[in-house]
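Data first, discussion second: the structure below is written as structure tokens.
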Amino acid sequence: MKRSFLPCLARANVARMCIACVAAVLIAGGCGSGKELPLGKVSGQVTYQGKPVTDAIVHFLPENGASAATGVVDSEGRYTLSTHETGDGAVIGKHKVWFSKQDPPGGAAPAASDESSLLPEKYRGEKNCAKDPKLTIEVKSGSNTIDLPLE
């Protein structure tokens, strides 16, 4: 009686698939399980030509490639940065800073006379920041009050 080699191949393929699945789980599991980089709490006020900036989001992009921090700028120009959780701060180190537009609540159009929400192009957008950052800020351990007076 001849034995077929097909069952052996089927078992070998199952074994290879199991090894591949285990390897994939281990690799994927390692992606987010590393120790988080230390954060410093950051808050401050954004002004442009002496007036509070409103309807904006401030972005702190770490030079080390870590997760960026963002903060919504309120009606008085104040912001608090968040990276992983609300108000937890930004990664310690140097950051490129840029701004994006925050739509007003309820989708209402901003008032045409509201100059405080208008920032020059040089401060807006990640592309501008990457090419020629106009603001570079260092976040330190502990609490940081970082006011951003723009001109």
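Taken together, the residues in the range 56-80 that are of a type in the set (D, E, K, R) and either closer than 15 Å to VAL91 by Cα or not assigned by TED's automatic domain parsing to the domain that holds VAL46 (or both) amount to 1.
Do we find that ASP88 is closer than 13 Å to SER43 by Cβ, modelled with pLDDT of 85 or more and either surrounded by fewer than 17 Cβ atoms within 10 Å (Cβ to Cβ) or not assigned by TED's automatic domain parsing to the domain that holds LYS51 (or both) in this structure? So ASP88 passes the test. Number of residues in the range 96-151 that are of a type in the set (D, E, K, R) and either at pLDDT below 60 or part of a helix (DSSP H, G or I) (or both): the value is 7.
The values are calculated or read from the model by the stated rules, or taken from the named source; none is laboratory data. As the structure is a computational prediction, the values presented were derived from the model and not from experiment. Cβ atoms come from the backbone with ideal geometry, glycine included; neighbour counts cover every protein chain shown.
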